[in-house]
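Take a look at the structure below.
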Amino acid sequence: MSRTQNITITSNENSSASDNAVPERNEKPLKPKGGKAYLFFKRLFDLIFSFVAIILLSLFMLIIGLIVVCTSKGPMFYAHKRVGKNGKVFKCLKFRSMYKDADERLEELLKYNEIEGGVAFKMKDDPRITPFGRFIRRTSIDELPQLFNIFVGSMSFVGPRPGDLREYALYTERDKQRLLVPQGLTGEWQVRGRGTTTFEQRIDMDLDYIANKQSLFYDLKLMFMTVGVVLGKKGAE
């Protein structure tokens, strides 16, 4: 799996401004809509608001972490290797929601995968998830430690969700174009279907966001929509 450490992601700098369609397979690589100013202010926003959120939520996160370690054996956090912008591999943090042998048991459960295409994995009543883990996954509380990923710059508040190394190995060249931008805590498909979307639908929405929709205003819109989706538990696992 070492090839994931040196992924080459390219964009088409000569694309026409009118070329706004999501690229189909075998078409030229897309050009991200966001320019240098957008990327600067996006990073500034991520830095400031992740820091503020960490401070405000620190006591709450400590309580959640203590409940995690007191209700099942294993560490407080789960640090999973994910593929970020331009193929850089980083450790994506979550509150541990599964038993500590979850990774070893994945192979035997792949045949029950409910996501079409078999790239991403989802299984109803996954036996690896702890009772408290079901609660924090359903409410997305397990994702809160990713505020630290956002603060250090390995993730952003908004962008395609980072895939793991197993998923990356199954990406097509078209799929890899989602790595042209920072990977996010939330994104297009999280507010338009969440866990009910297929992998192909997720890729289509990610590439549409990258090519046509990136802006600070739209990112803020997605963040507010995410709050509504989480509170309404729409598409939650």
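The values are calculated or read from the model by the stated rules, or taken from the named source; none is laboratory data. Predicted model only: the values in this text are computed from it and were never measured. Quick reminder, even Gly has a Cβ in these numbers, built from the backbone with ideal geometry, and neighbours come from all protein chains shown.
From the list Gln201, Gln177, which one is under 17 Å from Gly84 (Cα atoms) and outside any loop (DSSP other than H, G, I, E, B)?
Matching residue, one of Gln201, Gln177: Gln177.
Could you please find all residues in the stretch 208-237 being small (Gly, Ala, Ser), in a loop (DSSP other than H, G, I, E, B) and at pLDDT below 85?
Gly235, Ala236
I'm told Leu30 meets every condition in (1) of a type outside the set (Phe, Trp, Tyr); (2) assigned to a loop (DSSP other than H, G, I, E, B); (3) modelled with pLDDT of 95 or more except one. Can you identify the failing condition by its number?
So the condition that Leu30 fails would be (3).
Are there any pairs, at least 6 apart or on different chains, whose C-beta atoms fall under 6 Å, with the first in the stretch 120-136 and buried (at least 17 other Cβ atoms within 10 Å of the Cβ) and the second of a type in the set (Phe, Trp, Tyr) and at pLDDT below 75, and if so, which?
Close Cβ pairs satisfying both conditions: Met123/Tyr112.
Quick check, is Phe157 of a type outside the set (Gly, Ala, Ser) and under 21 Å from Arg192 (Cβ atoms)?
Details: of a type outside the set (Gly, Ala, Ser): yes; under 21 Å from Arg192 (Cβ atoms): yes.
Considered against the rule, which asks whether it is of a type outside the set (Gly, Ala, Ser) and under 21 Å from Arg192 (Cβ atoms), Phe157 comes out as yes.
I'd like to know if the stretch 34-42 contains one or more residues that are surrounded by 16 or more Cβ atoms within 10 Å (Cβ to Cβ) and at pLDDT 90 or above. Give the steps one after another, and end with the answer.
Of all residues in the stretch 34-42, those surrounded by 16 or more Cβ atoms within 10 Å (Cβ to Cβ) come to 34, 42.
Within this subset, residues satisfying the condition of being at pLDDT 90 or above are 42.
Among the residues of the stretch 34-42, at least one is surrounded by 16 or more Cβ atoms within 10 Å (Cβ to Cβ) and at pLDDT 90 or above, which makes the answer yes.
Taking Thr196 and the conditions (1) of a type in the set (Val, Ile, Thr); (2) at pLDDT below 90; (3) touching a Phe, Trp or Tyr at 6+ places or on another chain (Cβ under 8 Å), which numbered condition does it fall short on, given that it satisfies the others?
Every listed condition holds for Thr196 apart from (3).
Please name all residue pairs, on different chains or six or more residues apart, with Cβ atoms under 6 Å, provided the first residue is in the stretch 151-180 and is in contact (Cβ under 8 Å) with a residue 40 or more places away in the chain and the second residue is of a type in the set (Gly, Ala, Ser) and in a helix (DSSP H, G or I).
Taking only residues 6 or more apart or on different chains, the pairs are Phe151/Ser50; Leu179/Gly87.
Please determine, by comparing only the residues of the stretch 142-164 that are crowded, with 20+ Cβ neighbours inside 10 Å and of a type in the set (A, V, I, L, M), which one is nearest to Gln201 (Cα to Cα).
Step by step, filter the stretch 142-164, then rank; the result is Val158.
How many of the residues making up the stretch 165-181 are closer than 28 Å to Phe40 by Cα, out of contact with any Asp or Glu (no Cβ under 8 Å at 6 or more places or on another chain) and surrounded by 18 or more Cβ atoms within 10 Å (Cβ to Cβ)? Can you show your working first?
Of all residues in the stretch 165-181, those closer than 28 Å to Phe40 by Cα come to 168, 173-181.
Adding the requirement that they be out of contact with any Asp or Glu (no Cβ under 8 Å at 6 or more places or on another chain) leaves 168, 173, 175-177, 179-181.
Applying the additional criterion that residues be surrounded by 18 or more Cβ atoms within 10 Å (Cβ to Cβ) yields 168, 175-177, 179-181.
Count: 7.
Hey, can you tell me all the residues within the stretch 181-196 that are assigned to a helix (DSSP H, G or I) and either in contact with a helix residue (DSSP H, G or I) (Cβ under 8 Å, 6 or more places away or on another chain) or free of Cβ contacts under 8 Å to residues at least 12 places away in the same chain (or both)?
First pass over the stretch 181-196, keeping only residues assigned to a helix (DSSP H, G or I): 188-191, 194-196.
Those that are assigned to a helix (DSSP H, G or I) and either in contact with a helix residue (DSSP H, G or I) (Cβ under 8 Å, 6 or more places away or on another chain) or free of Cβ contacts under 8 Å to residues at least 12 places away in the same chain (or both): Glu188, Trp189, Gln190, Val191, Arg194.
Condition first: of a type in the set (D, E, K, R) and under 20 Å from the mean Cα position of the chain (by Cα). Now tell me which residues in the stretch 62-89 satisfy that. Spell out how you get there, then give the answer.
Our first condition is that a residue be of a type in the set (D, E, K, R); within the stretch 62-89, this holds for 73, 81-82, 85, 88.
Scanning the stretch 62-89 gives Lys81, Arg82, Lys85, Lys88.
Residue check: is Gly87 more than 17 Å from Val152 (Cβ to Cβ) and at pLDDT below 90? Before you say what the answer is, go through the steps one by one.
Details: more than 17 Å from Val152 (Cβ to Cβ): yes; at pLDDT below 90: no.
Answer is no for this residue.
All but one of (1) crowded, with 17+ Cβ neighbours inside 10 Å; (2) under 17 Å from Pro145 (Cβ atoms) hold for Lys85; state the number of the condition that does not hold.
Checking Lys85 against (1) crowded, with 17+ Cβ neighbours inside 10 Å; (2) under 17 Å from Pro145 (Cβ atoms), the one that fails is (2).
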